[in-house]
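These notes concern the structure reproduced below.
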Amino acid sequence: MLNKTEKKMTNPVALITGAARGIGYAIAEHLAKARFDIVINDIIDEESLSNKLSAIEKLGSAVLTCQADISKKSDREKMLTRIKEKFGKINILVNNAGVAPLERKDILEASEESFDRLININLKGPYFLTQSIANWMITLKNETEIFEGAIINITSISATVASPNRGEYCISKAGLSMSSKLWSVRLAEFGIPVYEIRPGIIKTDMTVSVREKYDKLINEGLTLQKRWGLPDDVGKAVASLARRDFPYSTGQVITVDGGLTIERL
């Protein structure tokens with residue numbers, strides 16, 4: 001008979017990048033409630049990350065925290081080594097980590113440094129982390145026919161909605177959106193679905209500086225549902241995809257924006 005630890009290790013394992021707070025942490029909570037063991041990745045120090053352990057563990061999940069900068073190859077490799085040592089498998093990758101420009105600037109003035117920073121973190125990092133995880137999932141699939149895996153990219157309505165005062169952010173999210181399509185095509189033969197979740201205006205630390213602006217716009221009808229989106233809204237969508245509630249929908253985009261991007265007169 002399996003002991004408590006061994007039972008936990010039979011759970012599917014989900015890695016969520018940028019999971020120390022906001023959308024990422026809400027995703028971790030909802031996947032824990034869905035009986036996934038959780039890998040919390042972020043760039044903050046391990047001591048701060050460890051404070052996130054107890055709340056997730058109380059939901060019944062085994063938890064591993066990994067401080068890593070996903071834009072760096074060496075950090076990605078170290079993180080995968082730790083996951084393999086603790087769990088020996090991976091079932092869900094949620095590419096959530098991302099940053100906004102340090103300063104919103106018109107595209108006539110924006111710097112190459114800001115562009116490089118966002119592309120490295122928001123696009124290059126997730127792209128090559130997906131490459132590593134996908135190859136690992138293929139190996140796991142070849143080892144056992146019952147293996148199930150999926151990759152979920154968290155992008156933004158900025159993948160299609162132009163904001164000239166943060167062009168580098170829009171381009172990074174548009175690139176990640178195309179990445180979702182590319183990986184869904186490439187991994188289809190292995191039965192590994194890839195999804196994109198496209199949040200709208202979500203109340204997080206990233207949107208604090210524009211809170212007053214969007215309070216006014218939402219009240220004036222910017223979104224069909226007159227409220228801010230919450231990290232919880234995105235977490236619920238991720239959990240649904242991870243549970244395979246949409247098994248015949250690889251490559252699809254789930255928009256979580258309260259109807260903001262619906263074209264209307």
Fewest first, what order do T250, T65, T10 take by the number of other Cβ atoms within 10 Å?
T10, T250, T65
Leading residue at positive end of dipole, the chain (Cβ point charges), from V208, I119, I38
I38
Just flag the GluC sites (Glu not before Pro) in segment 165-236 sitting in loop per DSSP whose Cβ has no more than 15 other Cβ atoms within 10 Å.
E220
To the nearest 20 Debye, how big is the dipole of segment 4-256 about its Cα centre, given +1 on the beta carbon of each Lys and Arg and -1 on that of each Asp and Glu?
600
Projected area, mean over directions - segment 40-92, Cα convex hull, nm²:
3.9
Segment 145-171 scanned against label point 7 Å out from K105 along Cα→C-beta; backbone N under 20 Å for 163-171
Using only Cα atoms, locate the centre of segment 40-92 and the centre of segment 230-265, then give the distance between them in Å, rounded to an integer.
25
Normalised radius of gyration for the chain, please: alpha carbon Rg relative to 2.2 N^0.38 Å, two decimal places.
1.00
Only helices counted: for the chain, with every DSSP H run of 4 or more residues adding -39500 (n - 2.57) and the sum spread over all residues, [θ] at 222 nm is -12500 deg cm²/dmol
Under the 7 Å Cα-to-Cβ spin-label approximation, R21 and Y214 lie apart by a distance in nanometres of 1.5
Just list whichever of K105/K173; K78/K203; K73/K124; K58/K86; K105/K213; K58/K78 have alpha carbons separated by over 22 Å in the model shown.
K78/K203; K58/K78
The long-range amide H neighbours of I254, using H built 1.01 Å from N in the peptide plane and a cut-off of under 5 Å, are E196, I197, R198
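Every number here is computed from the coordinates shown, using simple stated rules; none is lab data. Please read these numbers as outputs of a predicted model, since none were measured by experiment. Reconstructed Cβ throughout: ideal geometry from the backbone, glycine too, with neighbour counts over all protein chains shown.
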